[in-house]
Each structure stands twice: as structure tokens, then as C-alpha cells.
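The values are calculated or read from the model by the stated rules, or taken from the named source; none is laboratory data. Just so you know, these numbers come straight off a predicted model, no measurement behind them. FYI the Cβ positions are ideal-geometry reconstructions off the backbone, even for glycines, and counts take in every protein chain you see.
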Ligand SMILES: [Zn+2]
């Protein structure tokens, strides 16, 4: 069923009103705090959502000690036996930019000129920042005042899910199966989703946490962490000849052997890398930390083998030197799990097309909550929110995105009951 003008208008008005309200609620997470949620303020947004979910007649609404909000939307009559699906978005915003006292500004009828900011006269948003702005001429764009991020990541995702729930509540003709909703804390510090109760989710879920309109993500890095210890031998430098084994000196030589082309600053798209994030120590001992990333696990295995062979070469070259390398697998490319249930992706593509959009498949050069959930048996691709330039004072979203993402959810629910 195609969505009527009335429903589309309802969606944009509902999502916009909610979005403007959510972004004003401060919910920055903090990676230095190890509790979940890392910041108590995330409960504030959660509390509001609980009230709104009640108004929309969802059931089993829970706000737990970790800050998760769960809710259940019972199926339309006659669709009780259809596949349950779930929608997730995160409550927190990134700490990399101030997220307190966000004041959203709607720039009506954007004409392509640079958007200027009231709170920072040096800052402007132009076509250089996002080529997509060209397509949004004549539409409304929401930004911050230039002194904070906007928080479309991921309050746009929350508003879009809530608007879909509001539409399911209001329009009986929008049929759907059982739907599970979850708003989670601390996505930005990578720790929230570990505390999720997967019994309160469906086996098939979608996160709404992507970027530009039409985007669909179901692949992320295969990720390893390597921790190094170089054990040398310190001797008074005046008597050191043929005796000193300078661990920090040798370690820096060791890492200079890695191909420069395989570093984050020289790679893009599907290329992988070694990323040395820390090297410290003295002549006696040095330690280092490295991230190893690729979409293909075989390529990461090749990098691990190379580091092992370098270790052997260096221990031979410097007798008495001892190198320990501890490799930990951090997360797997979620495509490995999604391939087993490709319908999850196929229906998402269909829904995006039904909403009149071009599907933009994008590989995530990082991790995602969906990767952790997929590893735990919940197949979870990521759908666009329509926001762009996340974690920046230039973050923006065209208002049409709020409607389009909500439409995609409604089409998805329809396709899953067929
Ligand atoms: Zn996000």
C-alpha cells in the first residue's frame, strides 16, 4: 500500500515536533565513566520517551537500570503469527562536541547559499561540507546555532521511530506484525549495547543510526587489537656497547617497517590498515597498542602473520630482546551474519525504494551496535536517519529526511507481513 498525502504530512509534522524537543534534552555520554549509562542525564530523555510510548498505546514499556527503554507494539488483527521485527536508536550524543543547550534552527526554503551561524560568525555550512545540500535546495534544513552539535545522531532516529509508532497508532489501515522498540544508552562510547536484554528484542532488528537519505549499511570492519611488549636491557650508556638492548628505540624501528600505505590516513572505502595508537617506554621496556582493521578477515590474518614474522626477525637481529604480542579479536564484519538471512537487507532496500529514494549501500569503516547485536544472533542492518556531518557543530538534517525514514519503517513493517 502506498502512503497517502495525509499520512506523509502526519509523519513529517509528528517527527519534526518530536525531534525539536529531543535535541534540546542534554544526553552526552562520557567515555571516562565506566557505569551504564555513563551519564545520568541519559535517563531524562528515556523518561520522556516512556511517557510518549504510553500515549501511543505501546505495551510492556520498561525503563531499566542501565537506561534502556524497551516497548512492544502488538500486531494488527490477523497478523499475530507474522515475523516480529525491531527498531533501535541510541539516546546519547557524542562528547566530541558540546551537546548541552542545543537550540535547533530551521532554515526555511534553503537556497544554496552558505548557512551562517548566530553563535559563531566564523562558521558556515556550504556545498563543500556536503554535496547533498545541492539536492536540498527549496527544502527546510535544521542546524544548531553553531556552538553545539545538533544531535540528529541519533535523536533523528528516535523521532523517526516514534513518528512511525504514532502513525501505526492513528491509522488502522497501516498493518504490521509484532514490533519491538529499543532506545539504548552509550552507543557513542561503544559500551551501551553490551547491557541490552536480547530477550526484549526481535531476532530481526534495524538500527536507525545512519547518515544521508537512502543509506543502508550492513557491513563493518573485522577488527583486531594488538598489544605489544618489547623487553630490552638497560645499561649505563657509557658502558653500553654490545650490551644495551634499547627497547623503545627498537620498537620505533619495528613499527617503521609497516607499509605506510596501510594506515588510516592513506586508506578509504574498502581498504584496511594498521593503526598504531600508542607507543611509550624506555630502554628497558616499551609497550604499544595497535588497531588492525579490514573488511576481509583474511587480510587481517595476513597483517597478523606479518607482525609475527617481524617479531621473529627482530628477536634474531637483537639477541636478548623479547617481544610479546597479544592479539584480541574485537568484532567481526556483520556481513558474515547478515549473509545467512539476506532477506533482512532485501526488504530494507525495497522499503527505501518504495519511499521514492535511491538506495545507497555503504560499508562502515568502524564498528556499530548492529555488529555486536548480529554477533549475538540479532541480525541488525543500519538504516539512514538523514542527518549528516555527525559529531560536528555543522551537523544538519533536512526535515524531509524525518518523514522519509519514518516511511521506510512503515513500508518495512508492511513487507514483513507479506
Ligand atoms: Zn549514532
Which residue is farthest from residue 409 (Cα to Cα), if the candidates are limited to the stretch 345-368 and must be touching a strand residue (DSSP E or B) at 6+ places or on another chain (Cβ under 8 Å) and buried (at least 24 other Cβ atoms within 10 Å of the Cβ)?
368
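Rundown of residues vs (1) more than 25 Å from residue 220 (Cβ to Cβ); (2) touching a strand residue (DSSP E or B) at 6+ places or on another chain (Cβ under 7 Å); (3) in the same structural domain as residue 282 (by TED's automatic domain parsing), yes/no style:
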{"site": "235", "(1), (2), (3)": "yes, no, yes"}
{"site": "240", "(1), (2), (3)": "yes, no, yes"}
{"site": "247", "(1), (2), (3)": "yes, yes, yes"}
{"site": "254", "(1), (2), (3)": "yes, no, yes"}
{"site": "259", "(1), (2), (3)": "no, no, yes"}
{"site": "263", "(1), (2), (3)": "no, yes, yes"}
{"site": "266", "(1), (2), (3)": "no, no, yes"}
{"site": "270", "(1), (2), (3)": "no, yes, yes"}
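Residue-by-condition table, conditions (1) part of a strand (DSSP E or B); (2) on the phi < 0 side of the Ramachandran plot; (3) crowded, with 16+ Cβ neighbours inside 10 Å:
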residue: 213; (1), (2), (3): no, yes, yes
residue: 216; (1), (2), (3): yes, yes, yes
residue: 223; (1), (2), (3): yes, yes, yes
residue: 226; (1), (2), (3): yes, yes, yes
residue: 261; (1), (2), (3): no, yes, no
residue: 268; (1), (2), (3): no, yes, no
What number goes with the only condition from (1) part of a strand (DSSP E or B); (2) crowded, with 16+ Cβ neighbours inside 10 Å that residue 153 does not pass?
(1)
Every pair of residues 6+ apart whose Cβ atoms lie under 6 Å, when the first sits in the stretch 177-189 and is over 12 Å from residue 72 (Cα atoms) and outside the structural domain of residue 46 (by TED's automatic domain parsing) while the second is more than 16 Å from the ligand (Cβ to nearest atom) and at pLDDT below 95:
none
Scope the stretch 168-193; condition under 22 Å from residue 16 (Cα atoms), away from the ligand (no atom under 16 Å from the Cβ) and surrounded by 24 or more Cβ atoms within 10 Å (Cβ to Cβ); matching residues:
181
What number of residues in the stretch 228-248 are surrounded by fewer than 18 Cβ atoms within 10 Å (Cβ to Cβ) and in a strand (DSSP E or B)?
3
With 278, 353 as the choices, which residue is in a strand (DSSP E or B) and without any contact (Cβ under 8 Å) to a residue 12 or more places away in the chain?
278
Residue hits (the stretch 79-116; within 16 Å of the ligand (Cβ to nearest atom), surrounded by 15 or more Cβ atoms within 10 Å (Cβ to Cβ) and in a loop (DSSP other than H, G, I, E, B)) are 91, 92, 94, 95, 97, 99, 102
